[in-house]
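Below is one structure, written out as structure tokens; comments come after it.
The values are calculated or read from the model by the stated rules, or taken from the named source; none is laboratory data. Computed from a predicted model, the values in this text were never measured in an experiment. Neighbour counts run over all protein chains shown; Cβ positions are idealised from the backbone, glycine included. Just so you know, the surface numbers come from the protein's heavy atoms only, side chains and all, with ligands and any DNA or RNA stripped out. Shrake-Rupley method; radii C 1.70, N 1.55, O 1.52, S 1.80 Å.
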Amino acid sequence: LALSSQHMGSIVSKFSADASIIDYDTIKDKENPKQLHYGFAPKAHSQWHWFFVAKKTMKPTLDLNGKNKGSYTFRIDLDKFRIAQGKCDPSPKPDNAHRQPEDRGKPNFLNSSNKFSYGCTGAKMFKTETKKKKVLLRMCLDDNEFERQQRIELAREHNIQLRHQKGKTKIFVEKDGKQSPYFGMPIGGVHNWNYRDAQFNEFAMKTGRACQWQAKDVEWREMKVHKDRWALSVTGTLHLPKGMATTVKLEQQESLVIADQIATKLSPNSYHVALRGVKVPLMGGNSYQREENRREILSKIVESFA
């Protein structure tokens, strides 16, 4: 994750003076532990490497007098892609310093090396991962709202047709009629997650200034719309630390977020998630201008990607 975020940061910093590195570690839990089971169950310590190309919208929260409360509501939309899938090898050495009594002496998973084996599928080396990301970024550059809505509707129709076919090879029919076989969770399936309250860090690349937000009440909804592509809808609040609320000017803003995330299965209903990436503010006085700026930034990233 550190290597990927440094690589993306070095590219973005060439043409954006306001870019920031973002860092977010937490645990996500299924909103409904009894939600629909899709006929397969990855083992504990299974891992997924995801790549995000998304839009983040933030609005300051106001009190009854119209004054800032020192926090934002935020929303994240657009896409995440699967880069690779594998498993990690947790360290067998326990670290009892900050653990519950009943957990002391057990292998400490979250503080282990968490070596990602890339033992299953996907881009297994940084070079192949970079090539795949360039393709995905170009896909996002050529995308539009009509295409996104069409993907969602096609995925929903496909899911209805396959609702009773568990544990079998599935065939997804593309909009051009092409048939694509795949395994695992059906296209059109939905996951709803609650992310535990945690620190969300931002580091301004130009000034080095750090801001440590508290991310709270994060609800994460995602629909599988293609073999390795998911449509995102994430909401929550970001709270400034005490003492910073009066020094930071809160304004509505939109940003392009490009990030990597490693999700590691802890239990049937919980995953540890670590996200690193870059956030680039979008310029423009209206939504059309900001969308054009997003496309301009993506175009520059694609041209610079090595």
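Which residue, of H164, H191, H226, is farther than 18 Å from T26 by Cβ and at pLDDT 90 or above? Before the answer, list the steps.
Details: H164 fails: at pLDDT 90 or above; H191 fails: farther than 18 Å from T26 by Cβ.
The conditions single out H226.
S20 fails exactly one of the following numbered conditions: (1) modelled with pLDDT of 85 or more; (2) within 14 Å of the chain's Cα centre (by Cα). What is the number of that condition?
Tallying (1) modelled with pLDDT of 85 or more; (2) within 14 Å of the chain's Cα centre (by Cα), S20 fails exactly one: (2).
From the list F81, F74, F52, F116, exactly one residue is within 24 Å of G277 (Cβ to Cβ), open to solvent by less than 60 Å² (accessible area, probe 1.4 Å), of a type in the set (F, W, Y) and modelled with pLDDT under 55. Which is it? So that I can check it myself, show each step before the final result.
Details: F81 fails: modelled with pLDDT under 55; F74 fails: modelled with pLDDT under 55; F52 fails: modelled with pLDDT under 55.
When all the criteria are applied, what remains is F116.
Condition first: loosely packed, with under 13 Cβ neighbours inside 10 Å and in a loop (DSSP other than H, G, I, E, B). Now tell me which residues in segment 184-215 satisfy that. If you could, list the steps in order and put the result at the bottom.
If we filter segment 184-215 for residues that are loosely packed, with under 13 Cβ neighbours inside 10 Å, which is where we start, we get 206-210.
Residues satisfying the conditions are K206, T207, G208, R209.
Looking at the structure I just gave you, is P181 in contact with a Ser or Thr (Cβ under 6 Å, 6 or more places away or on another chain), free of Cβ contacts under 8 Å to residues at least 40 places away in the same chain and surrounded by fewer than 18 Cβ atoms within 10 Å (Cβ to Cβ)?
Details: in contact with a Ser or Thr (Cβ under 6 Å, 6 or more places away or on another chain): yes; free of Cβ contacts under 8 Å to residues at least 40 places away in the same chain: yes; surrounded by fewer than 18 Cβ atoms within 10 Å (Cβ to Cβ): yes.
Yes.
Given (1) of a type in the set (D, E); (2) modelled with pLDDT of 90 or more; (3) open to solvent by 20 Å² or more (accessible area, probe 1.4 Å), identify the lone condition not met by E251.
(2)
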